[in-house]
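See structure below.
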Amino acid sequence: MPTYKLTIEYEGTRYSGWQTQGNTPRTIQGKLVAAARQLAPEADLGGAVRTDAGVHAAGQVAHLRLKSKIDPRGFSQKMNDLLPADIHILNIEPAAERFHARHDADSRVYLYQISRRRTAFAKPFVWWIKDSLAVESMARCAPSLLGKHDFASFSDQRNTNESTLVVIERVEVGEDGDLILIRIQASHFLWKMVRKLVAMLVEVGRGAVMVDEFVAAIERPSAPFRPTAPPSGLFLEAVTYAGQLYDRPLHPIVPVESRRNPTRQGERKR
């Protein structure tokens with residue numbers, strides 16, 4: 001059975017997450033399957049990551065199984081014509097017959113965008129925080145997250161049999177204009193784990209939680225951490241597979257320009 005690897009971007013604002021399940025009326029997977037089956041009724045499609053409601057993706061990966069071979073470029077164009085404007089297939093390429101987007105993945109990369117200012121255009125893609133945040137303190141927490149840790153305190157577990165041990169490979173905290181960016185790459189993630197870690201980093205930035213308290217919460221987990229960052233600022237940035245290195249510089253996916261004093265009409269810039 002021919003199998004293809006899809007790379008997909010989407011805005012998750014209007015959707016109940018990636019995965020089609022039960023009576024969930026609107027999902028990313030559901031829209032993709034519906035479009036694919038208009039072109040090939042037997043199409044079967046599964047994703048690498050089950051993003052939650054309101055979470056976006058710049059590089060979701062899916063496998064597509066069909067009964068016969070296709071022209072990837074032509075099929076991609078036809079699917080995009082059938083998809084809503086907030087879901088877009090970036091690429092379709094042939095894959096090994098047994099390729100499975102989720103089971104074969106080595107790591108997942110998430111990027112979270114925090115805005116220091118209210119924005120009229122990027123509200124669905126950021127968490128706007130009015131308080132001044134000490135980014136240096138937030139960045140000092142990053143090394144403590146690296147390696148294998150039990151993140152049970154930073155998850156709303158759906159499956160009590162699921163292991164809460166996660167290997168984090170990379171954490172970056174940086175700035176871009178009015179944005180604070182937090183990138184985390186790991187073998188996998190627990191439900192709401194990234195958003196809870198971001199929420200606690202924000203408390204460090206506010207000064208409500210000290211850096212050593214954050215480190216202790218990671219190294220010696222105890223009570224669950226309840227605050228959860230909103231889904232609007234979260235992007236699934238990429239999914240990596242064997243032999244792949246993700247080295248994109250830390251840049252926003254949806255930029256927020258810094259405030260500037262506009263040039264008055266008729267006034268020349270100097």
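The values are calculated or read from the model by the stated rules, or taken from the named source; none is laboratory data. Values in this document were obtained by computation on a predicted structure and should not be read as measured data. As a convention, Cβ positions derive from the backbone with ideal geometry for all residues, glycine included, and neighbour counts pool all protein chains shown.
Below, the figures for the structure above:
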read-out	value
Counted residues, the stretch 26-52 - those being in a loop (DSSP other than H, G, I, E, B), among the acidic types (Asp, Glu) and free of Cβ contacts under 8 Å to residues at least 24 places away in the same chain	0
Where a residue in the stretch 76-101 is closer than 15 Å to Ala36 by Cβ and its partner, wherever it lies, is acidic (Asp, Glu) and at pLDDT 95 or above, with Cβ under 7 Å and at least six apart	His88/Glu9
Every pair of residues 6+ apart whose Cβ atoms lie under 6 Å, when the first sits in the stretch 61-73 and is in the same structural domain as Gly47 (by TED's automatic domain parsing) and within 14 Å of Lys5 (Cβ to Cβ) while the second is assigned to a strand (DSSP E or B) and among the hydrophobic types (A, V, I, L, M, F, W, C)	Val61/Val239; Ala62/Leu6; Ala62/Leu45; Leu64/Leu6; Leu64/Leu45; Pro72/Ile92
Among (1) aliphatic (A, V, I, L, M); (2) part of a strand (DSSP E or B); (3) surrounded by fewer than 16 Cβ atoms within 10 Å (Cβ to Cβ) - the single one Ala216 does not satisfy	(2)
Residues being under 28 Å from Leu165 (Cα atoms), of a type outside the set (Phe, Trp, Tyr) and crowded, with 17+ Cβ neighbours inside 10 Å - total across the stretch 105-120	7
The stretch 106-117 residues that are more than 16 Å from Glu257 (Cα to Cα), paired with ones that are polar (S, T, N, Q) and assigned to a strand (DSSP E or B) (beta carbon under 6 Å, 6 or more apart)	Asp106/Thr240; Ser107/Gln185; Ser107/Thr240; Val109/Gln185
Output for the stretch 64-117, where each listed residue is in contact with a helix residue (DSSP H, G or I) (Cβ under 8 Å, 6 or more places away or on another chain) and charged (D, E, K, R)	Lys78, Glu93
When residues of the stretch 179-223 are limited to those that are within 26 Å of Asp106 (Cα to Cα) and aromatic (Phe, Trp, Tyr), the one nearest to the chain's Cα centre (by Cα)	Phe189
Options Ser16, Ser68; residue that is surrounded by 15 or more Cβ atoms within 10 Å (Cβ to Cβ) and assigned to a loop (DSSP other than H, G, I, E, B)	Ser16
